[in-house]
Amino acid sequence: MKPDAAILAGDIPEALIEPALTVGVVTPGSLDDQVLAFPETKPPKQWYIALAVTLTALGIGVGCIGYVFATGIGAWGNTSPVFWAFDIINFVFWVGIGHAGTLISAILFLFRKRWRNAIARFAEAMTIFAVICAVIFPLIHVGRPWLAYWLFPYPNQRALWTNFRSPLLWDVFAVNTYFSVSLMFWYLGLIPDIASMRDRATGKVRKVIYTVLAMGWRGAASHWQHYEKAYLLLAGLATGLVLSVHSVVSFDFATSVVPGWHMTIFPPYFVAGAIFAGFAMVVMVLVVVRETMQLKNLITMRHLEVMNKVILAMSCIMGYSYMMEGFTAWYSMNEYLHHGFMNIISGTYGWAGWVTISCNIFIPQILWFKKARASYFWMILVAVGVTIGMWFERFVIIVVSLHQDYLPSAWRIYKPTMIDFGVLLGTFGIFFTLVLLFARVLPVIATTEVKAILPGAQPSHHGDDHHA
Amino acid sequence: MPETSYAVLGVFETPDALMKAIPQARAAKLGTVEAYTPYAIHGIEEALGLRRSPLGGMVLVMGILGAITAFGFQYWISAIDYPIITGGKGAGSWEAFIPIMFEVTVLFATFTAGLGMLFLLNKLPFFGHPVLSSKSIKGITRDRYVLAVEAESEAFDSAAAARTLQAAGAIEIEALPAPDRSPFLTSDYILRTLGGIFIACVVAGLAMYFATKWFPVLAPMKYMHEQPRLNAQKASDFFKDGHGMQQPVPGTVARGYLPTATGTQEEAASLVNPLPRTPEVFALGKKVYTNRCEVCHGAVGNGVGSLTAAYGAKPANLQAQQFLDYPDGKIYWAIVNGKNSMPSHAPYLSERERWAVVDYVRALQRAQNAKDEDLKVATR
């Protein structure tokens, strides 16, 4: 289709002009000096304090996991009939956090949303760290993690194969693929940036490390051509993947017969919830990053505002999903579903149901107001609320559905132990430790990608017919 | 300017200047024209006349291969090598294979896209390229746009290339010397590498040997079968006598197996059957008699059982006058203690079962010696 002649002539209506993606004068050189300088300078005192805090949390988590290994998973509160509790809650929670990164780096790339370029790197890094946190849980939940390789189908002397009809095995493939692909995506994006750091590096050790990591990238046009193609293909593949991963996670529940799990709405509902939780986490971290690392001119208020709009949209989808859960329970005329739904809003764990609904549906509605979307106070409040709310949503789905299913004689109240909380705290420690380390050794903003969208970065086509 | 050079680089300040210079550099036909830029520049591949990237086709092929691999793998395992019916689905039902097929397709396709781009198409990692050691590389990865005219043959005219680039508006010109072509894999180098690997192997082997020899084998994780427990017929230092299995405490009696104080058969004669005569007791007695007594004493208690011929034994004919006159206690004594060739049945029969059998034997005796009144009871 031929573009409108008026638009080609530069006569674009004002409403269609995309506002500048950066604040102030940013040139490719100044961008490098601003972003790539972090790893070259000594970290400030606050960074060490933050690292001490996250390492403490990590240490508590490692201690708790060590205690679990030494004594067995009876150290957790899991008990019949709630065999899946914190482990699967935290697994789903962390995998979900990761989804925002892939959405930003892949889906928004396909949609040509150029504002994504400034935040994609951080979001992708958070994806990888979140998936690392997530995979810890199935591994420790198997009870004998040193035998976790049994999850993979490989020829063995026991003459046994895995069951390919089990959604849990689908999970093994989905999560492993997701981690590999995210890592590949992240690393490919990093290569040109690492090449920039290599050519800036002064110290010998630093130079060697960045030289090896950059693989000898030299920015040749013939390389860029393949690189861009690979990036586009990866974005397309990762888009399908990100939708599939949380769908597969939801199959763990949806393919069972437990009332409250056996629902066809689960895959889209889980994907939306994952993006919702992930965006909240990205907003939370980005606010801290742009404030402490002086990146306000690159991660602008407009970025945060657009992200808050996504959060709002996802919140509405979540609200719809919750209503559909109630509707399904009512319309099915199935007393088990009725009971399950009433448990969410008025059972023993009714408070958890209301925390979920308030944090995920009610609080984010403040983002309808432009002032709230541009206010640190409100966006942090919403982001923290959504993080808590989405954790409790998984708690509601898993514990509330399991603790009372068909047989009243098998009902029991579930109580987590301190070890459960310790392991959860530990994963937050791992996540934020990795985030802090990442912020100090690698460029937090994809400088190459931002350079490509700066004003004047692309050749002007006026009076030049090479593109006609 | 050196005699042989690899390429001449011209540095430009803006992408526009670079794009304008490309046609001029190509028109001079001095060598291959290549551009080095800090980021991808739209339309540069057409300006340089680069062929389309074949990556899309590679990814498509590998993606399809991934799908086929995943399907074949799952089908062979689930339907052929290890067919198990789960969830009532047939061994060959393929619908459940789709999620993993999708994941493996994406995995194959992504690795082809990423690694194929890096290793096959861009021939990376490559640390020896002359551009990497040029002065201009700092600008290339920062904010400079470099056009290179690269030598295609010995007859490369670097001066002409420099003039062309200068005329096209380059702000700086850099001539790259030809790369060092001395052989990389000299015999000395190979020897040193192999020697290094050998020494590393020896050191690692010795370290492992002494590590396992000097340190006790640590078992941080225990398997379930390694837990501390008593095993039947195995030694154990938990008890003083060193046995894993222990005799019951003296005087211990299992439920339902109360020993009866029966001295001699004569002393037992006074025992009275404590069980009521009910259909349940009768049914229990019949069951136990059929299982335990019938093979020798016969179905009606006449001493002709299915085993008597085979063993040549002469079991008691319970229908004989001697046994018709026995009090219940004497039959009970015989069951508990055995008599002649008959072993004791006390280990197999509970107190209740023993007395039920006594009851049943009485019924058999009466059935074989029925009186007229019995008929009346039966027809009532």
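Of all the helices (runs of 4 or more DSSP H) wholly in segment A:366-461, which have at least 2 residues that are more than 14 Å from every other protein chain (Cβ to nearest Cβ) and surrounded by 22 or more Cβ atoms within 10 Å (Cβ to Cβ)?
A:376-395, A:418-441
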When every residue in segment A:408-442 that is small (Gly, Ala, Ser) and touching a residue at least 60 places away in the same chain (Cβ under 8 Å) is compared, the one nearest to A:Trp47 (Cα to Cα) is A:Ala439
For segment A:314-328, pairs from a residue that is without any contact (Cβ under 8 Å) to a residue 40 or more places away in the chain to a residue that is of a type in the set (Phe, Trp, Tyr) and assigned to a helix (DSSP H, G or I), with Cβ under 6 Å and 6 or more apart or across chains, are A:Gly326/A:Phe341
Report, by residue number, each residue of segment B:1-43 that is of a type in the set (A, V, I, L, M) and in a loop (DSSP other than H, G, I, E, B). B:Met1, B:Ala28, B:Leu30, B:Ala40, B:Ile41
Condition broken by A:Ser247, with the remaining ones in (1) of a type in the set (S, T, N, Q); (2) more than 10 Å from chain B (Cβ to nearest Cβ); (3) within 24 Å of A:Ile361 (Cβ to Cβ) satisfied: (2)
Condition test on A:Ala254, is it touching a Phe, Trp or Tyr at 6+ places or on another chain (Cβ under 7 Å) and either more than 10 Å from chain B (Cβ to nearest Cβ) or of a type outside the set (Asp, Glu) (or both)? yes
Within segment A:179-206, restricting attention to residues that are among the small types (Gly, Ala, Ser) and more than 27 Å from A:Lys42 (Cβ to Cβ), which residue is nearest to the other protein chains (Cβ to nearest Cβ)? A:Ser180
Out of A:Gly96, A:Gly66, A:Gly77, A:Gly72, I need the residue that is modelled with pLDDT under 95 and within 30 Å of A:Val310 (Cβ to Cβ). Which one? A:Gly96
Restricting segment A:84-113 to residues that are surrounded by fewer than 14 Cβ atoms within 10 Å (Cβ to Cβ) and of a type outside the set (Lys, Arg), the residue that is farthest from A:Thr127 (Cα to Cα): A:Phe111
From the list B:Phe156, B:Phe119, B:Phe126, which residue is among the aromatic types (Phe, Trp, Tyr), in contact (Cβ under 8 Å) with a residue 12 or more places away in the chain and more than 20 Å from B:Lys20 (Cβ to Cβ)? B:Phe156
Go through segment A:139-162 and give me each residue that's facing chain B (nearest Cβ under 9 Å), within 22 Å of A:Trp84 (Cβ to Cβ) and modelled with pLDDT of 90 or more. A:Thr162
Can you say whether A:Phe122 is more than 30 Å from A:Val82 (Cβ to Cβ), buried (at least 19 other Cβ atoms within 10 Å of the Cβ) and away from chain B (no Cβ under 14 Å), as far as the supplied structure shows? yes
Give me the pairs, please: first residue somewhere in segment A:207-232 and at the interface with chain B (Cβ under 7 Å from one of its Cβ atoms) and farther than 17 Å from B:Phe119 by Cβ, second residue anywhere and in a helix (DSSP H, G or I) and among the β-branched types (Val, Ile, Thr), beta-carbon distance under 7 Å, and either six or more positions apart or on two chains. A:Gly219/B:Ile140; A:Ala221/B:Ile44
If you check A:Val68, A:Val62, A:Val92, A:Val82, which single one turns out to be in contact (Cβ under 8 Å) with a residue 24 or more places away in the chain and under 24 Å from A:Trp186 (Cα atoms)? A:Val92
Which of the numbered conditions does B:Tyr289 fail, given that it passes all the others? Conditions: (1) in contact (Cβ under 8 Å) with a residue 24 or more places away in the chain; (2) more than 14 Å from B:Arg362 (Cα to Cα). (2)
Can you confirm whether B:Thr37 is closer than 23 Å to B:Glu174 by Cβ and facing chain A (nearest Cβ under 7 Å)? yes
Out of the residues in segment B:53-67 that are at the interface with another protein chain (Cβ under 7 Å from one of its Cβ atoms) and in contact (Cβ under 8 Å) with a residue 40 or more places away in the chain, which is farthest from A:Leu237 (Cα to Cα)? B:Ser53
If you go through segment A:271-321 one residue at a time, how many are touching a Gly at 6+ places or on another chain (Cβ under 6 Å) and of a type in the set (D, E, K, R)? 0
Inspect segment B:356-378 for any residue being modelled with pLDDT of 90 or more, among the aromatic types (Phe, Trp, Tyr) and within 18 Å of B:Ala268 (Cβ to Cβ) and give the result as yes or no. no
Here is a list of conditions, (1) surrounded by fewer than 21 Cβ atoms within 10 Å (Cβ to Cβ); (2) facing another protein chain (nearest Cβ under 9 Å); (3) in a helix (DSSP H, G or I), and B:Leu50 meets all of them except one; can you say which number that is? (3)
Given the condition in contact with a strand residue (DSSP E or B) (Cβ under 9 Å, 6 or more places away or on another chain), farther than 30 Å from A:Ala230 by Cβ, modelled with pLDDT under 95 and not β-branched (Val, Ile, Thr), answer yes or no: does some residue in segment A:166-181 qualify? yes
Tell me, yes or no, whether segment B:310-328 has at least one residue that is among the aliphatic types (A, V, I, L, M), exposed (fewer than 12 other Cβ atoms within 10 Å of the Cβ), at pLDDT below 90 and under 57 Å from the mean Cα position of the chain (by Cα). yes
Is at least one residue of segment B:14-28 of a type in the set (Ser, Thr, Tyr), at the interface with chain A (Cβ under 10 Å from one of its Cβ atoms), under 27 Å from B:Leu132 (Cβ atoms) and surrounded by 17 or more Cβ atoms within 10 Å (Cβ to Cβ)? no
Of all the residues that make up segment B:1-13, how many are over 14 Å from B:Ala151 (Cα atoms) and surrounded by fewer than 24 Cβ atoms within 10 Å (Cβ to Cβ)? 3
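The values are calculated or read from the model by the stated rules, or taken from the named source; none is laboratory data. Everything quoted here is computed from the prediction, not taken from an experiment. Cβ coordinates were reconstructed from backbone atoms using ideal geometry, including for glycine residues, and neighbour counts include every protein chain displayed.
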